[in-house]
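Peer 1: Dropping a structure here in structure tokens format, bear with me for questions.
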Amino acid sequence: MKNFLILTNEQKDPGFRISKQIQDYIEKNGGKSHRMCEFTRHIQKDMKCITKDTECVIVLGGDGTMLHAARLVVDHDIPMVGVNLGTLGFLADVNLADLSKTLDLLLKDQYQVENRIMLTAEVYKQGEKAATYIALNDFNINRCGASRVIGLKVGINGSTIDCYRADGVIVCTPTGSTGYNLSAGGPIINPTCKNFVITPICPHSLTARSIVLAKEDVVTVEVEQIRSNIKEEAIISFDGREGLSIVPGDQVKIYKSQEVTPFIKATEVSFVQILKEKLL
């Protein structure tokens, strides 16, 4: 590949010093690059910097920057590679020490592409679709307001599986299994798998556990009115961004999206090795 788009989180790369180095390196080695310095969380999906000849998006920042970039390029089917300028770096997995080697492999077409599944959530209010969201990591439905549990009725393919009394519930992809899901006691899944996971958040129960689902499954979540004198309310968030509030009578439907996020893998480091490095 020869044509690159560089998306930079300026908070992680002040003055775009590293971004400029990458751009110079690519152009000195026969490639072309466009550096988008004004990249922020507020840029919409129709940004004009993604041209027809763009073959790869290089993202500089942390995992949060990668999640935002994934939503921006999802309609363009362009593979991404992340340069880790953050802390953990599960998604932005190229370290600065390996940057030149990675760029050489990209320019020589010596890489593989991993297609990571995404999830779609549809929010229904009074039976009408009110919003649709897409996420690479996870959807979280959390309680609002005071520190008290909420009631959440969770179903799979039309059958209720549990009525949690909890702080909320997480529905995550394999890519997102090492995030909030892990902190909530959920399982780690290899990011190349096609399953997804339901994990209750702090359930008031001795038996509530995570459930690993097949790619064909459809999850529904509804807020229950468990107290007559209190307004029950939750909020849905996707990849760390807040969406609509959810009240009794509303329904959230979550399923595997038709869209995928292509990740470039230019090294032979395995997922197990990454886990050992990041978590142990």
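Bear in mind that the values in this text are calculations on the coordinates, not laboratory data. Model, not experiment: these values are computed from the prediction. We place every Cβ from the backbone using ideal geometry, glycine too, and count neighbours over all the protein chains shown.
Peer 1: Go ahead and set up a Gaussian network model of the chain, Cα springs under 10 Å, then flag whichever of Gly86, Gly15, Gly179 fluctuates most.
Peer 2: Taking springs between Cα atoms under 10 Å, the residue moving most is Gly15.
Peer 1: Turning to a different aspect of this structure: For a quick check: sort Val269, Val169, Val149, Val94 by the number of other beta carbons within 10 angstrom, fewest at the front. Don't skip to the answer; put the middle values down first.
Peer 2: Numbers: Val269 12, Val169 26, Val149 16, Val94 21.
Ordered by Cβ neighbours within 10 Å, fewest first: Val269, Val149, Val94, Val169.
Peer 1: Taking DSSP loops as anything outside H, G, I, E and B, show the longest stretch in the chain free of trypsin sites (Lys or Arg not before Pro) there with at most 16 other beta carbons within 10 Å. Display every interim value, and only then the final one.
Peer 2: On the way: sites that count: Lys2, Arg41, Lys45, Lys48, Lys52, Lys108, Arg148, Lys194, Arg209, Lys215, Arg227, Lys231.
No qualifying site falls inside 53-107, the longest such stretch.
Peer 1: Using only helices, what value at 222 nm comes out for the chain when you add -39,500 (n - 2.57) per DSSP H run of length 4 or more and divide by the total residues, to the nearest 500 deg cm²/dmol?
Peer 2: After summing the helix terms and dividing by the residues of the chain, the value is -4500 deg cm²/dmol.
Peer 1: Dividing the alpha-carbon radius of gyration of region 3-110 by 2.2 N^0.38 Å (N being the number of residues), what value is obtained? If you can, show how the numbers build up before the last one.
Peer 2: On the way: Rg = 12.6 Å, N = 108, 2.2 N^0.38 = 13.0 Å.
So the Cα radius of gyration is 0.97 times the expected 2.2 N^0.38 Å.
Peer 1: Can you give me the long-range amide H partners of Glu224? Hydrogens built in the peptide plane at 1.01 Å from N, cutoff under 5 Å, separation of 5 or more residues or another chain.
Peer 2: Hits under the 5 Å cutoff: Gly151, Leu152, Lys153.
Peer 1: List the GluC sites (Glu not before Pro) within region 191-278 that fall in a DSSP loop (any state other than H, G, I, E or B) and whose Cβ has at most 11 other Cβ atoms within 10 Å.
Peer 2: Numbers: sites: Glu216, Glu222, Glu224, Glu232, Glu233, Glu242, Glu259, Glu268, Glu277; in loops: Glu216, Glu232, Glu233, Glu268.
Answer by residue number: Glu216, Glu268.
Peer 1: Anyone know which of Gly82, Gly30, Gly249 comes out most mobile in the 10 Å Cα GNM of the chain?
Peer 2: Fluctuation is largest for Gly30.
Peer 1: To continue, here is another question. For the chain, count the residues as N, evaluate 2.2 N^0.38 Å, and divide the Cα radius of gyration by that value, please. All intermediate terms of the calculation are to be shown ahead of the outcome.
Peer 2: Details: Rg = 20.1 Å, N = 280, 2.2 N^0.38 = 18.7 Å.
Dividing the Cα radius of gyration by 2.2 N^0.38 Å gives 1.07.
Peer 1: Would you mind ranking Thr192, Thr178, Thr160 by Cβ crowding within 10 Å, fewest neighbours first? List each step's numbers first, then the result.
Peer 2: Values: Thr192 14, Thr178 24, Thr160 11.
If I rank by nearby Cβ atoms, fewest first, I get Thr160, Thr192, Thr178.
Peer 1: If each residue's Cβ is checked for other Cβ atoms within 10 Å, how do Ser19, Ser237, Ser228, Ser177 rank with the fewest at the top? Spell out each step's value before the answer.
Peer 2: Working: Ser19 24, Ser237 18, Ser228 5, Ser177 27.
Ranked by crowding around the Cβ, least crowded first: Ser228, Ser237, Ser19, Ser177.
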